[in-house]
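The values are calculated or read from the model by the stated rules, or taken from the named source; none is laboratory data. No experiment lies behind these values; they were computed from the predicted model shown. Here the Cβ positions follow ideal geometry from the backbone for every residue, glycine too, while neighbour counts run over all protein chains shown. Just so you know, the surface numbers come from the protein's heavy atoms only, side chains and all, with ligands and any DNA or RNA stripped out. Shrake-Rupley method; radii C 1.70, N 1.55, O 1.52, S 1.80 Å.
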Amino acid sequence: MPDPLQPVLGGDVPFDATEFEIESRAELEIHLAKRTLTGLSVLGLRLDREPPDLADVDVRGSLFVGCEFAGPDVEIDLIRRGAHVVPPFDDLPYPTHPALLYTPEDLAAGFADAGFAGMYDTVVYDHFVAHGGAVPDIREALAQRLHDAGIDNALGKALAAWAAVHGHEGAVGIMGGHAEPRGSAAYRMVTDLTRKLAVAGRLVVTGGGPGVMEAANLGAYFASRTPDELTTAVDLLSRAPHFADHEPYTAAALAVRDAYPMPGTDVAGRLRHGGLALPTWLYGHEPANLFAGQIGKYFSNAVREDSILRLSRGGIVFAPGWAGTVQEIFQAATKTFYRTDGPSGAFVFLGAEHWSKLPVVDLLGPLLARSPHGDQSGLIVVTDSLDEAMAALLG
């Protein structure tokens, strides 16, 4: 039976030109023809299927991480000849070194047959909880860190693929409440905004959860479709408005994907049609956001939070939200204040009424005005106008 995560573990065609990393069988064959893997890292490959002949290949100083071998004798032979082998951990539902980012199809695998409880994303979350959640034992912690290092690596390559096509314009982060119901005014406003951003060639980045985050990826998903089609899709989704109703919520997302399939495309195209989502299994009780084009799902929430804000240097949209959104506002403000990741784009607060009741802008303005890199308070825009938001983000 085919492995449903084989694309994540490394496919048949080389997809990057990383000099010292081998992440597909095709890349491996190129190096085997030279009879040396010295100094190279082989990441997450199924070498138990049609096993390659490694007997007379120089493996001194090579590193095999998360690879499956035909048997322990192969691993022992590699170690004896100077290789370092970090094997996959037994009985894990996730790969210890994913070579690619996830897709919605990966996370939803199993839903058709076993429902929400049987889909890949839920199975991994249940394992995460059963092994200590945010405080795992040492064995589980090592496996999770290896997985997240693989996601970091895959994220870099996905962004390089985007930049090769679309250039280095800063990505736009979309933050906001995870509990925002499908079909609400705020949800629809965010879908309209992110569709416009995707059409304009900007990469949409979210935290990969429900609510505002799903709305943002959904808008980008419809980059090649009409506003009326997007409206119809939101209407269909609003029949299952709340993420706590896991089964109908997930089924509605999959039905919309079936009705409006993503154009067959490469990594850069997938990022345009859906954007990038960086969720975490720390919040795995929330159903997977199935409209992102590429998904870098992490175990570590701290790494994931920093990655979202580090990437969102072309501006950040703060749609209505509460504690989590406020936390992200000031995390982003710290990066902008010190320019730890370079110059920042606009801070666009959508929903003037909401932000008047939660007056974070009153504190943010004086803070950014005192930046050692000059007054940054002019980056703040509070608006209910999509045109004004677009002007701030694209200007």
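Can you pull out the residues in the stretch 132-161 that are open to solvent by 20 Å² or more (accessible area, probe 1.4 Å), of a type in the set (Gly, Ala, Ser), in contact with a helix residue (DSSP H, G or I) (Cβ under 7 Å, 6 or more places away or on another chain) and closer than 30 Å to Asp90 by Cα?
The answer is Gly132, Ala134.
Just the residues that are polar (S, T, N, Q) and open to solvent by 40 Å² or more (accessible area, probe 1.4 Å), please, taken from the stretch 188-203.
Selection gives nothing.
Looking at the stretch 360-373, can you tell me whether even one residue there is under 29 Å from Ala154 (Cβ atoms) and surrounded by 15 or more Cβ atoms within 10 Å (Cβ to Cβ)?
The answer is no, given that none of the residues of the stretch 360-373 is under 29 Å from Ala154 (Cβ atoms) and surrounded by 15 or more Cβ atoms within 10 Å (Cβ to Cβ).
Considering the stretch 309-321 alone, what residues qualify as being at pLDDT below 95 and either outside any loop (DSSP other than H, G, I, E, B) or over 16 Å from Phe347 (Cα atoms) (or both)?
Leu309, Arg310, Leu311
It is to be established whether one or more residues within the stretch 249-257 are open to solvent by 10 Å² or more (accessible area, probe 1.4 Å), at pLDDT 95 or above and part of a loop (DSSP other than H, G, I, E, B).
Checking the stretch 249-257: not a single residue is open to solvent by 10 Å² or more (accessible area, probe 1.4 Å), at pLDDT 95 or above and part of a loop (DSSP other than H, G, I, E, B).
Can you find a residue in the stretch 355-372 that is within 20 Å of Glu214 (Cβ to Cβ) and not in a loop (DSSP other than H, G, I, E, B)?
There is no residue in the stretch 355-372 that is within 20 Å of Glu214 (Cβ to Cβ) and not in a loop (DSSP other than H, G, I, E, B).
Taking only the stretch 33-43 into account, find how many residues are free of Cβ contacts under 8 Å to residues at least 40 places away in the same chain and either under 26 Å from Asp148 (Cα atoms) or open to solvent by less than 10 Å² (accessible area, probe 1.4 Å) (or both).
5
I'd like the residue in the stretch 233-248 that is buried (at least 20 other Cβ atoms within 10 Å of the Cβ) and not in a helix (DSSP H, G or I) and, out of all such residues, is nearest to the chain's Cα centre (by Cα).
My answer is Phe243.
For the stretch 352-392, name all the residues that are hydroxyl-bearing (Ser, Thr, Tyr) and either within 22 Å of Gln327 (Cα to Cα) or over 29 Å from the mean Cα position of the chain (by Cα) (or both).
Ser356, Ser371, Ser377, Thr383
Scan the stretch 204-225 residue by residue and report those that are within 23 Å of Ser300 (Cα to Cα) and either of a type in the set (Gly, Ala, Ser) or open to solvent by 10 Å² or more (accessible area, probe 1.4 Å) (or both).
Gly207, Gly208, Gly209, Gly211, Met213, Ala216
State all residues of the stretch 44-63 that are open to solvent by 20 Å² or more (accessible area, probe 1.4 Å) and either under 20 Å from Glu19 (Cα atoms) or of a type in the set (A, V, I, L, M) (or both); if no residue qualifies, say none.
Ala55, Asp58, Arg60, Gly61, Leu63
Is it the case that Ala223 is farther than 21 Å from Ala391 by Cα, touching a residue at least 40 places away in the same chain (Cβ under 8 Å) and of a type in the set (A, V, I, L, M)?
no
Read through the list (1) surrounded by 14 or more Cβ atoms within 10 Å (Cβ to Cβ); (2) free of Cβ contacts under 8 Å to residues at least 60 places away in the same chain, then give the number of the only condition that Pro287 fails.
Of (1) surrounded by 14 or more Cβ atoms within 10 Å (Cβ to Cβ); (2) free of Cβ contacts under 8 Å to residues at least 60 places away in the same chain, only one is false for Pro287: (2).
All but one of (1) closer than 22 Å to Leu350 by Cβ; (2) in a loop (DSSP other than H, G, I, E, B) hold for Thr191, so report the exception by its number.
The number of the failed condition is (2).
Restricting to the stretch 199-230, name every residue that is in contact with a strand residue (DSSP E or B) (Cβ under 6 Å, 6 or more places away or on another chain) and of a type in the set (Gly, Ala, Ser).
Selection gives Gly208, Ala216, Ala220.
Among the helices (runs of 4 or more DSSP H) confined wholly to the stretch 65-130, which include 3 or more residues that are open to solvent by 10 Å² or more (accessible area, probe 1.4 Å) and either among the hydrophobic types (A, V, I, L, M, F, W, C) or touching a strand residue (DSSP E or B) at 6+ places or on another chain (Cβ under 7 Å) (or both)?
Of the helices (runs of 4 or more DSSP H) lying wholly inside the stretch 65-130, those with at least 3 residues that are open to solvent by 10 Å² or more (accessible area, probe 1.4 Å) and either among the hydrophobic types (A, V, I, L, M, F, W, C) or touching a strand residue (DSSP E or B) at 6+ places or on another chain (Cβ under 7 Å) (or both) span 72-80, 111-118, 120-130.
For the list (1) under 28 Å from Leu311 (Cα atoms); (2) surrounded by 22 or more Cβ atoms within 10 Å (Cβ to Cβ); (3) without any contact (Cβ under 8 Å) to a residue 40 or more places away in the chain, I need the number of the one condition that Leu230 fails.
(2)
If I go through the stretch 162-187 residue by residue, how many of them are surrounded by 19 or more Cβ atoms within 10 Å (Cβ to Cβ) and not in a loop (DSSP other than H, G, I, E, B)?
Residues in the stretch 162-187 being surrounded by 19 or more Cβ atoms within 10 Å (Cβ to Cβ) and not in a loop (DSSP other than H, G, I, E, B): 7 in total.
Could you list, in sequence order, the residues of the stretch 338-354 that are assigned to a strand (DSSP E or B) and at pLDDT 95 or above?
Phe347, Val348, Phe349, Leu350
Tell me, please, whether a residue that is over 20 Å from Ala332 (Cβ atoms), of a type in the set (A, V, I, L, M, F, W, C) and either at pLDDT 95 or above or part of a loop (DSSP other than H, G, I, E, B) (or both) can be found in the stretch 210-217.
So far as the stretch 210-217 goes, no, none of its residues is over 20 Å from Ala332 (Cβ atoms), of a type in the set (A, V, I, L, M, F, W, C) and either at pLDDT 95 or above or part of a loop (DSSP other than H, G, I, E, B) (or both).
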